[in-house]
1. Could you please tell me which pairs satisfy a Cβ distance under 6 Å, a separation of 6+ or placement on different chains, a first residue in region 93-122 that is in the same structural domain as Asn146 (by TED's automatic domain parsing), and a second residue that is among the charged types (D, E, K, R)?
2. Scanning region 95-111 for residues that are among the aliphatic types (A, V, I, L, M) and part of a helix (DSSP H, G or I), which turns out nearest to Gln126 (Cα to Cα)?
3. Hey, can you tell me all the residues within region 404-423 that are closer than 17 Å to Phe333 by Cβ and touching a helix residue (DSSP H, G or I) at 6+ places or on another chain (Cβ under 7 Å)?
4. Filter region 199-215 for residues that are more than 8 Å from the ligand (Cβ to nearest atom) and under 15 Å from the mean Cα position of the chain (by Cα) and give the result.
5. Of the residues that sit in region 298-313 and are crowded, with 19+ Cβ neighbours inside 10 Å and away from the ligand (no atom under 11 Å from the Cβ), which one is farthest from the chain's Cα centre (by Cα)?
6. Does any residue of region 84-105 turn out to be modelled with pLDDT of 85 or more and in contact with a His (Cβ under 9 Å, 6 or more places away or on another chain)?
7. Among the candidates Ala220, Ala234, Ala179, Ala249, single out the residue that is in the same structural domain as Phe139 (by TED's automatic domain parsing) and either closer than 22 Å to Ser305 by Cα or surrounded by 20 or more Cβ atoms within 10 Å (Cβ to Cβ) (or both).
8. Step by step: first the residues of region 250-281, then only those that are of a type in the set (D, E, K, R) and under 18 Å from Leu229 (Cβ atoms), then the one that is nearest to the chain's Cα centre (by Cα). Which residue is that?
Amino acid sequence: MEREGGKPVAVVAVVTEPRFTQRYREYLEKQKLLDRQHRVEKMPDGTVALPVLGETLPEQHLQELRTRVAPGSTCVLSQLRDPRPSKAAQGCAPARRLCLEMSRWVEGRGVTWSAELEADLPRSWQRHGDLLLLNEDCFQNKQWKNLEPELWETVALALGVQRLAKRGRVFPNGTRTPAVTLLHGDHGWVEHVDNGIRYKFDVTQCMFSFGNITEKLRVASLPCAGEVLVDLYAGIGYFTLPFLVHAGAAFVHACEWNPQAVVALRNNLEMNGVADRCQIHVGDNRKLKLSNIADRVNLGLIPSSEEGWPIACQLLRRDTGGILHIHQNVESFPGKNLQPPGSSKMEKEHWPYPQKIITNEWENGPTRDFRSKLLSRATKLEWQRWAASAETRIAILLQQVHGKPWKTQILHIQPVKSYAPHVDHIVLDLECRPCPIVG
Ligand SMILES: C[S@@+](CC[C@H](N)C(=O)[O-])C[C@H]1O[C@@H](n2cnc3c(N)ncnc32)[C@H](O)[C@@H]1O
């Protein structure tokens, strides 16, 4: 049942009532009979068709489904004409198409197609409208060099885009500018709409992390009505804009030292109609001359925003204090952190969380179940441990900067994304208040 090109014109499916879909799916998956390449389809009469592998489904499975898996369910075999590819199948289709196109094109240029070349093709990328951003780990084989520049046009065509760029490493110079090279096309400007906010920027000059979307959404929902905010690492406005557009901030001071990001930030503030409530401070935020103005400071820099902590403390209002949102990459190697917090001297002095249960269970010798629970908990313990030490250090800084004692309190620890194996990007919401003067 295959058309030219490998796409089937029909697949066998087992049809049942919608309320039994989940049970059917689980059974078919367990029996390795579910066709994952095609979508489960809703039929015109309200029933649901689950595609299965092979030419038919043996009667024994139909019996099982009817009598044991979902008693009382209608269970009939049917054919799905023109089946739609599943999301998973769609995901790998472009990579496959690229492989076919490239092998044909390369051979046409007298170069032998090899396993090395195939392994060097990209398998994942970032799509920004009609621009595709490739990761740095592809097209590294020397043979590709001789095929440039036509090579890039061919890749772009195969992947259905007009522009192509390739990422290098993020420069460790603080600008977080990715070394992106435009391979095909005449400019790197792209546009995104996130949560109703429009962002435009040049991918060759500024970074954009799709992984930060959860934090952008969270920021958008924070109660900032009437507040003055400072965004110490504003970039193109990833957080400045949600603070202004959705969270109701009265005013944002946005700090940014990358001139290209500043151009994009200015444009994005205009485009979203909030430029009158934002002042951009171009340059190194550590040299900012402002103090005693902020209800909230956002420190959105990873791997760490520690260099911005002193200025953040200086910016908080001396009378009421405020909240810091501190980003950090935290490492947590499973197994390394099994020792519960509270055992070291520093932690004994500062650790705020009771750890009794963990200690007792551990001493009795961990079962496998408990051990895996402990490992996943250990990841969180690393976050808590880092947050506790940040809290202590910020309290000290606040006292130094303002010349009087402050109280700090961990409000929340928010995971943003997994940055690398065993490295999590998290955000600590820290409340900082000046202690009332007694007597
Ligand atoms: C990670 S990027 C953008 C951050 C954005 N908040 C996010 O998470 O998507 C950090 C930005 O901070 C800027 N930056 C880093 N250090 C800075 C400093 N000392 N002063 C001003 N801007 C700085 C970089 O140029 C970059 O645009």
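The values are calculated or read from the model by the stated rules, or taken from the named source; none is laboratory data. Please read these numbers as outputs of a predicted model, since none were measured by experiment. Methodologically, a virtual Cβ is constructed for each residue, glycine included, from the backbone with ideal geometry; neighbour enumeration extends over all protein chains shown.
1. Note: pairs meeting the criteria are Ala95/Arg123; Trp113/Glu107.
2. First pass over region 95-111, keeping only residues among the aliphatic types (A, V, I, L, M): 95, 98, 100, 102, 106, 111.
Those left that are additionally part of a helix (DSSP H, G or I): 95, 98, 100, 102, 106.
Numbers: Ala95: 13, Leu98: 15, Leu100: 21, Met102: 20, Val106: 24 Å.
This residue is Ala95.
3. Applying the first criterion (closer than 17 Å to Phe333 by Cβ) to region 404-423 yields 415, 418-423.
Those that are closer than 17 Å to Phe333 by Cβ and touching a helix residue (DSSP H, G or I) at 6+ places or on another chain (Cβ under 7 Å): none in region 404-423.
4. Let us first name the residues in region 199-215 that are more than 8 Å from the ligand (Cβ to nearest atom), namely 199-205, 210-211, 213-214.
If the condition is that a residue be more than 8 Å from the ligand (Cβ to nearest atom) and under 15 Å from the mean Cα position of the chain (by Cα), then Phe210, Gly211, Ile213, Thr214 are the ones that fit.
5. Residues of region 298-313 crowded, with 19+ Cβ neighbours inside 10 Å: 298-302, 305, 308-309, 311-313.
Checking the rest, the ones that are also away from the ligand (no atom under 11 Å from the Cβ) come to 309, 312-313.
On the way: Trp309: 25, Ala312: 26, Cys313: 28 Å.
In this case the residue turns out to be Cys313.
6. No; the residues of region 84-105 include none that is modelled with pLDDT of 85 or more and in contact with a His (Cβ under 9 Å, 6 or more places away or on another chain).
7. Working: Ala220 fails: in the same structural domain as Phe139 (by TED's automatic domain parsing); Ala234 fails: in the same structural domain as Phe139 (by TED's automatic domain parsing); Ala249 fails: in the same structural domain as Phe139 (by TED's automatic domain parsing).
Exactly one residue qualifies, and that residue is Ala179.
8. Filtering region 250-281 for residues of a type in the set (D, E, K, R) gives 256, 266, 270, 276-277.
With under 18 Å from Leu229 (Cβ atoms) added as a condition, the list becomes 256, 266, 276-277.
Values: Glu256: 22, Arg266: 25, Asp276: 30, Arg277: 28 Å.
Filtering region 250-281 for residues that are of a type in the set (D, E, K, R) and under 18 Å from Leu229 (Cβ atoms), the one nearest to the chain's Cα centre (by Cα) comes out as Glu256.
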